[in-house]
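Just so it is clear, none of the values below were taken in a lab; they were calculated from the coordinates. Values in this document were obtained by computation on a predicted structure and should not be read as measured data. Reconstructed Cβ throughout: ideal geometry from the backbone, glycine too, with neighbour counts over all protein chains shown.
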Amino acid sequence: MTALTNLGVKDIRDGVAGGEFTAREVAEAFNAAVAEAASLNAFIVTTPDHALAAAEAVDAKRARGEDLGTMGGVPIGMKDLFATKGVQTTAASHILEGFNPQYESTVSQNLWDAGAGMLGKLNLDQFAMGSSNETSYFGNVNSPWRKAGSNAAMSPGGSSGGSSSAVAAHIAPAATGTDTGGSIRQPAAFTGICGIKPTYGRCSRWGVVAFASSLDQAGPMARTVEDCAIMLEAMAGFDPKDATSLKMDVPAWETGLSADLKGKRIGIPREYRMDGTDEAILKSWEQGKEWLRDAGAEIVDVSLPHTKYALPAYYIVAPAEASSNLARYDGVRYGLRDLPDGAGLQNMYAATRAEGFGDEVKRRILIGTYVLSAGFYDAYYNQAQKVRTLVSRDFAEAFDQCDAILAPTTPTASFPLGSLNDDPLTMYLNDVFAVPASLAGLPAMSVPATVNADGLPLGLQIVGKPFDEQGVLNAGLAIQRRANFTAKPEKWW
Amino acid sequence: MSVDKATVAKIASLARIKMGDDELERMVPELNNILEWVEHLGEVDVSGVEPMTAVIENHLRLREDVVDADPKTAGGRREDVLANAPAAEHGFFGVPKVIE
Amino acid sequence: MVSTYRIQGATGEWEVVIGLEVHAQVTSKAKLFSGASTAFGAEPNTQVSLVDAAMPGMLPVPNVECIRQAVRTGMAIEAQINKYSRFDRKNYFYADLPQGYQISQLYHPIVGEGQLLIEADEKAGIPQDKVIGIERIHVEQDAGKLMHDQHPTMSYVDLNRSGVALMEIVSKPDMRSPAEAGAYVRKLRSILRYVGSCDGNMEEGSMRADVNVSVRKPGEEFGTRTETKNVNSVRFVMQVIEYEANRQVDVLENGGAVDQETRLFDPNTGTTRTMRSKEDAHDYRYFPDPDLLPLELEDSFLEECRASLPELPDAKRRRYETELGLTPYNARELTAEVETFGRFETLLAATAAKIGKPEAKVATQVANWALSVAPGVMKSLGDEADPSYATAEAQAAILAMQDKGEISGGQAKEIYEIVLKTGRDPEEVADTEGLKQVSDTGAIEAAIDEIIANNADKVAEYRGGKDKLFGFFVGQTMKAMQGKANPAVVNQILKDKLD
């Protein structure tokens, strides 16, 4: 049965529908693979019963000749940022340890409605704050990848590091991720898988633990572009409970897939050629241009002049929103409460939050609190939101000349866990290519391109116009067909 | 602008995060590094530029005034609301006594 | 004209400067950002949604009715309506604030500058009509409620009110006496109730005021102000001002300085004190709520709001004076409350129809009845009266009989008493209880003839020029007729016979 774990979303769905195997067999195979892979620490909790129950429901439907749904029989991993009814939801933070939601997030509900089941809740950077999956209260996530000739534990990227690790290790065919400033694309690039962040507003944020509301978007992580298209279609949709949700029909992305890019113009932003970017990455970028040209696209130079200001703007806007979004974790209604002897209400808050939040979360709350505090609002927050307008305008102008933008996903390949811990700033720079699209709310995807000299995966990023997930997926598919990325991490776990 | 220990202590207090001396000391250079870096934003000429309000063109939708229209955002579910409370008593959330 | 209200200090006279921030609960069925009910008095935490409890991942979606009511209120105070507004987060930690922030409007409120007229009231110390400026109205979430006396070491949190929509109506610092502030709150309450945007029920907390008070020597700059929170009656608002103004004068005259601070009012002692719990919460770190987009109002929405506004107190009062010919006093009294003018207009219409005269011809009679006669009867009966019998039809019937001279004023009261006690038909009461005036000239003439015969001396005196005696004859006649004679008929016959 191990062969089943080599299958992705489309193959499982079609295989179940075609009677090649049952959904229960698939769920059992992945449950077993998950159980074997504890050393990856990709899951915070596993939910084999949930996966089995969903599988049995799909098998029963098939027996009755009913529609199985677009994800029928596919067990997935759920990032532990999505509230799942009756299943602990922590955002990888001590402050939410034991929190048992009485509600289901819209996105996870959409997936269950489409016939998917849940293997477990995936580890992540605490409150999705991090780029290496080292800020989780529940321990680091290990990448299944290692440098050639080394046993050093590598980062699966972050914040959706549990998701990327699980999908790359084939212990889940696909997983949900969330992307605030690169948290789907960067881990996808680090682990040789695909991941797409849709246009802001495509996926409902209702029931997703908030990090930075104006940036947070859910999206799928899987091993192929087709699988991402299928899963995104299941996740997306208008939700009246989210005031920022897009009131638009979800396009048929799966059936709309086409690797033929004739007549399309792909922009190459000159400002993305930055110091400190790996040679191998620059080379893969060049290769990417060739592939897209080969697919029929015209390659054009474009300019995104405010690129270098995107990351600093992000590191004002995101912490500011986070400092407010995380105020609700106060030990009153749910989660951790630390009540020192004789403490009053305000002391209880301070003790609870000191005990419950990790260092990176505290750092960002402090930055966010500072930039919003009296006298600094205009200089920091307002200035950052103006720069954000400029970043967004850059893209709009670039899209007058092209249909999509091709860039590296990250400036480097994965790094060993622990190697960047001393320097938050260097860690932040990992998202330098990912953040501009986040600030502008644009759909963006990472697709594996190649491996570097150490045998570690490198990803390419495609950024599209608002609402043009199809264009992004199509360019991704064109790369996938030409990159023929078949590298797999050697199983050590 | 840079922060000193007293400022960090004040911010931590505003954010209700208890911090010991060591932790405050450690935070000072970390925050200053980050602040120094984000201050590059000051170089950008933003004259005439409006701060971003909606990242994707969209309008604020309003809902009709109907009680409990959607069970997911409805009242009448006290048990659910209190289910995770560290101290739920007699249908209330309990907190250390507050003196107003 | 300036108010003459002054605090007499040891160093001379002080003027009080008052601004009010009134929090009015918006009349809506569901909360501002969730579907939970706003009904008053439910069991604790039973009207709390996951959104109101600020569960992780919950999001706000605004209720259109709350927006509509705020706009209508703004129109009622002739304010600028901002077609573009935004919701901001006001960040602070407190047990009644589950999100750790209140969604409010700081930078772009929905309603801009407006104004409100308070009327002259000599007795209350308001010599002339005065316009009080209104700075803004914004929409925001109410907080939950803390209970402190149910457990020795804990406070209890009830979130039923959490997320209920409030309008914060911010006045300019234009008031100069407790009386003006009281008149302002009463007038504002009246307007809100006319518009239907707030029930104005201060006992249930539907309206609370934060009272900003400072003192200064007349003509000098504004002094430092204090803000006394959550004052929930007109009387208390006036008490707070009295107390705070005197306290501040004492502080200043003793060489001290007034602290800009938040204070609490104790209704039992009529005093205010520093509020301990919110002292360090001054840096609210407002920023636009990223869960909500800007609120943009369409012209059609504004037109619909305007079209739905009723006639407002000032316009109604003017119309009562000019078209109905009521006295300024009566017009003001009748238009002060929604219930009062509602009852009056119903009764006026019924009476005019019953009598068959235009409303303007009977308005004064109806106004006097509605403002003094009817309430007097009701009050004198106490529990014996059943208010459900006080129908417009019954009262109109009584007023019509009076208008035709069939009953006297005294009889009208007597009939109304019986009606209120029994619900019987007023005309039937008048007939069967003998409560009608006699206009039969034969009976009256007979009585008068007898009186003239029995009082020849008085008749001689009267005819000799002692005019005052006319009243004596009227009295005797009414006595003989057991008070039921129509006074006009009596007068006429007496004049005919004596002169």
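So the values come out like this:
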item: Exposure rule at most 10 other beta-carbon atoms within 10 Å, DSSP loop GluC sites (Glu not before Pro): chain C longest free segment; result: C:1-202
item: Positive-end residue of A:A212, C:S37, C:I18, charge dipole of the protein assembly as shown with Cβ unit charges; result: A:A212
item: Rg/Rh (Cα only; Kirkwood hydrodynamic radius) as it applies to chain A; result: 0.95
item: Positive-pole candidate from C:P426, C:M478, C:A456, dipole of region C:400-499, charges at beta carbon; result: C:A456
item: Theoretical gain in end-to-end length, C:T153 to C:D440 [0.36 nm per residue, Cα-Cα removed]; result: 95.1 nm
item: Cα-based Kirkwood hydrodynamic radius, region A:236-317, one decimal, Å; result: 16.3
item: Alpha-carbon centroids, region A:47-72 and region B:1-45: separation in whole Å; result: 52
item: Other protein chain Cβ atoms within 10 Å, averaged over every residue that makes up A:96-106; result: 4
item: Neighbouring partner chain Cβ atoms per residue of A:349-357, average, 10 Å criterion; result: 5
item: Theoretical FRET efficiency, 1/(1+(r/R0)^6), r = Cβ-Cβ of C:A39 and C:T346, R0 30 Å, to 0.05; result: 0.60
item: Packing rank of C:50-56, A:250-256, where each peptide gets the mean count of other beta carbons within 10 Å, highest leading; result: C:50-56, A:250-256
item: Relative compactness, region C:7-304, computed as alpha-carbon Rg over 2.2 N^0.38 Å; result: 1.02
item: For region A:161-313, alpha-carbon Rg and Dmax in angstrom; result: 16.8, 46
item: Shielding by partners - mean other protein chain Cβ count within 10 Å, residues of A:334-347; result: 5
item: Rg/Rh ratio calculated on Cα atoms of region C:203-340 (Kirkwood radius); result: 1.11
item: Crossing angle, helix C:392-403 versus chain C [Cα axis fit, 0-90 degrees, rounded to tens]; result: 40
item: Equivalent-ellipsoid semi-axes of region A:350-493, from the Cα gyration tensor, Å, largest first; result: 32, 26, 12
item: Rounded FRET efficiency, nearest 0.05, which uses the C-beta distance separating C:E203 from C:E78 and R0 of 30 Å; result: 0.55
item: Alpha-carbon centroid distance for the pair region A:168-219 / region A:340-359, whole angstrom; result: 31
item: Separation of alpha-carbon centers, region C:163-182 and region C:112-151, rounded to whole Å; result: 2
item: Full-stretch length increase - C:K497, C:R235 - with 0.36 nm per residue and alpha-carbon distance subtracted; result: 88.3 nm
item: Proximal lysines to A:K147, defined as alpha-carbon separation beneath 25 angstrom and excluding residues fewer than eight positions away on the same chain; result: A:K283, A:K488, A:K491
item: Taking C:V474, C:V131 and counting other C-beta atoms within 10 Å, the order from fewest to most; result: C:V131, C:V474
item: Too-long pairs where the Cα-Cα distance tops 20 Å, listed order kept, from C:K361/C:K404; C:K83/C:K130; A:K10/A:K247; A:K85/A:K241; result: C:K83/C:K130; A:K10/A:K247
item: Solvent-free Debye scattering, log10 I(q)/I(0), computed from the Cα coordinates of region C:365-499 at q = 0.11, 0.12, 0.13, 0.17 Å⁻¹; result: -0.49, -0.56, -0.63, -0.86
item: Long-range tail of P(r) for region A:172-257 (Cα pairs > 18 Å, %); result: 39
item: FRET efficiency for C:E428 and C:E359, using Cβ-Cβ distance with R0 set to 30 Å, rounded to 0.05; result: 0.65
item: Ascending count of other beta-carbon atoms within 10 Å, so fewest first, for C:L347, B:L41; result: B:L41, C:L347
item: Loop chymotrypsin sites (Phe, Trp or Tyr not before Pro), region C:141-235 (other Cβ atoms within 10 Å of the site Cβ: 15 or fewer; DSSP); result: C:F222
item: In degrees, nearest ten, helix B:5-14 long axis to first principal axis of chain B (Cα); result: 20
item: Among B:I17, B:F93, B:A69 the positive-end extreme of the charge dipole of chain B (Cβ point charges); result: B:F93
item: Translational diffusion of the protein assembly as shown, µm² s⁻¹ [Kirkwood Rh, Cα pairs; Stokes-Einstein; 4 °C; 1.567 mPa s]; result: 39
item: Simple label model, 7 Å out from Cα along Cβ direction - C:E321 to A:A252, nm; result: 7.3
item: Degrees separating the helix C:409-422 axis from the principal Cα axis of chain C, which is the longest one; result: 60
item: As computed over chain C, the Cα convex hull volume per residue (Å³); result: 222
item: Contour excess over end-to-end distance, with Cα ends at A:S303 and A:A35 and 0.36 nm allotted per residue; result: 91.7 nm
